[in-house]
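Nothing in this text is a laboratory measurement; each read-out follows from the coordinates by a stated rule. Bear in mind the structure is a predicted one, so any value in this text is a computation, not a measurement. Cβ placement follows ideal geometry from the backbone for every residue including glycine, while neighbour counts extend to all protein chains displayed.
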Amino acid sequence: MKWLFKLGLTGGIAAGKSAVAARWRQADTAVIETDKLAHQTLAQGTTTYDEIVKVFGKGILNADGSINRAALGEIVFGDEQKRLVLNQIVHPVVRQMWMEALEKLEREGRVAVALVSIPLLYEVGVENQFDCVVAVGCSEQTQLARLAAKGLTSTQARARIRAQWPMQKKMDKADFVILNDGSFRVLVEQADIIWANLKENYHAPSKN
């Protein structure tokens, strides 16, 4: 079985994780985005869908029976206990999904590096599953501006920011940090420097 370097990517909401992941989506790199996996858990026909509807009621459903993510978000980001309940339903399933994906990549041996983007990596305590963790950070002012551009009100944006660890706490724990308050070019430059460092310094563990 070929050794697979497991890279964890985390950071605050709207910090720029997706842009970094896209930059590192190279020929020999697999990218797993847990936000997309979490969306899959909301799909009709899944046990998580059934549990969420049971807990939060049919008021969160669209006319076609699908979960209205905006409506669900309004509920859970306005009530800490309800957010924790949703996390307890979704997070274990998402974790199983990305861990199985990593195991499959390792068995197949077709890539040397797998990146898993997990916004709440430290909050859910999975940092030890990775050989290295990179955190993408920015100022709260930048977060608010980016979330406003996505249509969130200041109250909605601040609720989502408060639902995560403080940005500085994540950056303090990470092996590498990318600061993304500036231009896309500056973000790419930092990402490329870290990538070069990883390729040079991280190798398969010795068999001795």
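Any residue that is under 27 Å from Asp79 (Cα atoms), part of a helix (DSSP H, G or I) and of a type in the set (A, V, I, L, M) - is there at least one of those in the range 198-206? No, every residue in the range 198-206 fails to be under 27 Å from Asp79 (Cα atoms), part of a helix (DSSP H, G or I) and of a type in the set (A, V, I, L, M). Taking each residue of the range 179-190 that is on the phi > 0 side of the Ramachandran plot and in contact (Cβ under 8 Å) with a residue 40 or more places away in the chain and looking for partners that are surrounded by fewer than 13 Cβ atoms within 10 Å (Cβ to Cβ) and hydrophobic (A, V, I, L, M, F, W, C) with beta-carbon atoms closer than 6 Å, six or more apart or interchain, yields nothing.
Look at Arg160 and say whether it is under 24 Å from Gly125 (Cα atoms) and of a type in the set (Lys, Arg). Yes; evaluated as a whole, the condition is true for this residue. When Val116, Val111 are checked against the criterion of being closer than 30 Å to Glu51 by Cα and surrounded by 13 or more Cβ atoms within 10 Å (Cβ to Cβ), a single residue qualifies: Val116. Considering the range 1-30, and only residues there that are farther than 20 Å from Lys104 by Cβ and hydrophobic (A, V, I, L, M, F, W, C), the residue that is surrounded by the most Cβ atoms within 10 Å (Cβ to Cβ) turns out to be Ala15.
Out of all the residues in the range 74-97, which are touching a residue at least 40 places away in the same chain (Cβ under 8 Å) and buried (at least 16 other Cβ atoms within 10 Å of the Cβ)? Passing the criteria: Phe77, Arg83, Ile89, Val90, Val93, Val94, Met97. When each of Glu100, Glu33, Glu106 is tested for being farther than 23 Å from Gln156 by Cβ and either in contact (Cβ under 8 Å) with a residue 24 or more places away in the chain or surrounded by 14 or more Cβ atoms within 10 Å (Cβ to Cβ) (or both), the lone residue that passes is Glu106.
Of Thr153, Thr142, all but one fail to be hydroxyl-bearing (Ser, Thr, Tyr), over 30 Å from Lys199 (Cβ atoms) and either surrounded by 15 or more Cβ atoms within 10 Å (Cβ to Cβ) or free of Cβ contacts under 8 Å to residues at least 12 places away in the same chain (or both); the exception is Thr153. Take the range 161-193 and flag every residue that is of a type in the set (D, E, K, R) and crowded, with 17+ Cβ neighbours inside 10 Å. Within the range 161-193, Lys170, Asp175 qualify. Can you name every residue in the range 54-72 that is closer than 16 Å to Leu84 by Cα and crowded, with 18+ Cβ neighbours inside 10 Å? Passing the criteria: Phe56, Leu72.
Out of the residues in the range 133-165 that are under 15 Å from the mean Cα position of the chain (by Cα) and outside any helix (DSSP H, G or I), state the one that is farthest from Leu9 (Cα to Cα). Of everything passing the filter in the range 133-165, Ala163 is farthest from Leu9 (Cα to Cα). Checked against the criterion of being within 14 Å of the chain's Cα centre (by Cα) and either of a type outside the set (Phe, Trp, Tyr) or assigned to a loop (DSSP other than H, G, I, E, B) (or both), the range 79-90 contains one or more residues that satisfy it. Of the helices (runs of 4 or more DSSP H) lying entirely inside the range 1-68, those containing at least 1 residues that are within 29 Å of Glu140 (Cβ to Cβ) and among the aliphatic types (A, V, I, L, M) span 17-23, 34-40.
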